[in-house]
1. Tell me, what % of the accessible area of the chain is carbon and sulfur with a 1.4 angstrom probe?
2. Of the listed peptides 240-252, 422-434, 389-401, 217-229, what is their order by residue-averaged count of other C-beta atoms within 10 Å, with the highest listed first?
3. Please give the charge dipole size of region 359-490, origin at the Cα centre, charges +1 on K and R Cβ atoms and -1 on D and E Cβ atoms. Round to the nearest 20 debye.
4. 7 Å from Cα along Cα→Cβ at both Arg415 and Ala312: what's the point-to-point distance in nm?
5. At most 16 other Cβ atoms within 10 Å and a DSSP loop assignment: could you name the chymotrypsin sites (Phe, Trp or Tyr not before Pro) in region 106-208 that fit?
6. Let me test this: with uniform point scatterers at the alpha carbons of the chain, what is the Debye-based log₁₀ I(q)/I(0) at q = 0.07, 0.11 1/Å?
7. With the other protein chains left in place, how much accessible area per residue, in square angstrom, belongs to the chain at a 1.4 angstrom probe?
8. On each of the three principal axes of the Cα atoms of region 290-432, give max minus min coordinate, whole Å, ordered largest first.
Amino acid sequence: MSAIITDPNRLTIHEAHELLKTRQISSVELTRTCLERIQQVEPKVSALVTVTNELALSQAEKADELIASGDLSPLTGIPVLIKDNMCTKGVRTTCSSKMLENFIPPYDATVVEKLNEAGAVTIGKANMDEFAMGSSTENSALFPTHNPWDLERVPGGSSGGPAVGVAASEAIYALGSDTGGSIRQPAGFCSVTGMKPTYGRVSRYGLVAFVSSLDQIGPLTRDVTDCALVLNTIAGYDPRDSTSVPYPVPDYTQCLATGLDGIRIGVPKEYFVEGRQAEVAAAIRAAISKLEELGARVDWEVSLPHTPYALAAYYMIVPSEASANLARYDGVKYGFSYPETDNMWEALEKTRQYGFGPEVKRRIMLGTYALSAGYYDAWYLKAQKVRTLIRQEFDQAFEKFDALITPTSPTVPFRIGDKVDDPLQMYLSDVCTLPINIAGVPAISIPAGFAEGLPIGMQIIGKPFSEETILKIAYAFEQATDWHKQKPNI
Ligand code: GLN
């Protein structure tokens, strides 16, 4: 086995692909290396709900056959982690909730189907905040996940498990979902690359619904090239998701090295206001200066005046849609069912009482209230109007700029336990990411520095379906810096 394999920390998808193609390693060897690594670090980080040993090894064997016949794609034979809210046929899909603790889907999500067609190796299902509601993975009803950069700190959420899996080298890449920041915020907290594509770019079919008008699946990877490779595979129209968009999928790797000449970048000042950690703001300003050196034209004084209303609008729209989506957990169709009664109403009530955790219940109650007759216009409808204003504001900004850049999070990762009892503080940790979901535009978070040994993420936001532009900006920065090469010592 090649020397590079003994240090799986270093392998990206494109490096692993070269090794597989030139037969310096087999997919079975690569998969075993990851499985061993999982055994070693999982007791410390708790990133995985399920490890799919047998499935992974049988997929790896098949991948090796494909490779031997010369029929391989960039993801063939490479181990991936799937967030536990994407349906995997025959493999438990819990959403990190008691409600779905024993749910085994009879079908694959479209993204999983696409990975399987590409010959990927599914190595496990990763932990998350229950039903993707949270910013720290502490809301998992199963167990919390720890940040590999400091085990006392949160990895971010709700895709904490997938981000940690990539950062701690349990797998080479992962899929997460992002409703208000759940890919980008944990990517920033764990110093990996994470992208939320444009709403409609990637099929949501088979993703357990949280907020259908905001949810989007995307990659968590070790570098920008890998992000482009995964997006190549998962993007595209899907007749089973009526919100997926029938635009052709470009080869996202083609744009990466095309340079920053003529690129116009705006820096919205509302993302650098009081309450944001000074070291984080300083690191992002330094990163933007680097892009300026690399040829981008930067306007440092852009204003998006509706930004302060995004959080309030988000936390009105999100519970409203979630309360409707989660009505399906009634103890009858699937999932947990309270057994000790033959009274239908009692069964329904107790199923939801014991099946859902506190954050899920909080949102169902808030949403039910906001949607009720007499309150709908005052709360939900008003939030939808604010949403339109925020969208328009982004549209206007993108008439002048190719991309907007902000910190991914207002702070570095916080301590486990610090915010669990204060939902409002927890909500604030997505203040930089959730406006992007409201606008439906794409954004990527890439490693951009450290403060006291803790990661800082930079968020690059683009106009709808301009993933190529934000990838190329991210790539130029990555080539000029070493942040993404630093690995946690675990
Ligand atoms: N933290 C945000 C929330 O709790 C975002 C979650 C997400 O993107 N899934 O809603």
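1. After summing per-atom areas, the C and S share lands at 52 percent.
2. Ranked from most to least packed, the peptides come out as 217-229, 422-434, 389-401, 240-252.
3. So the dipole magnitude of region 359-490 works out to roughly 320 debye.
4. About 3.2 nm, to one decimal.
5. Hits after loop and neighbour filter: Tyr107.
6. -0.33, -0.84
7. I get 37 Å² per residue for this part.
8. Its Cα atoms span 69, 39, 26 Å along the three principal axes.
The values are calculated or read from the model by the stated rules, or taken from the named source; none is laboratory data. Small disclaimer: the values here were computed from a predicted structure and weren't measured. Glycine gets a Cβ as well: all are built from the backbone with ideal geometry, and neighbour counts include every protein chain shown. For accessibility, only protein heavy atoms count, side chains too; no ligands or nucleic acids. Shrake-Rupley method; radii C 1.70, N 1.55, O 1.52, S 1.80 Å.
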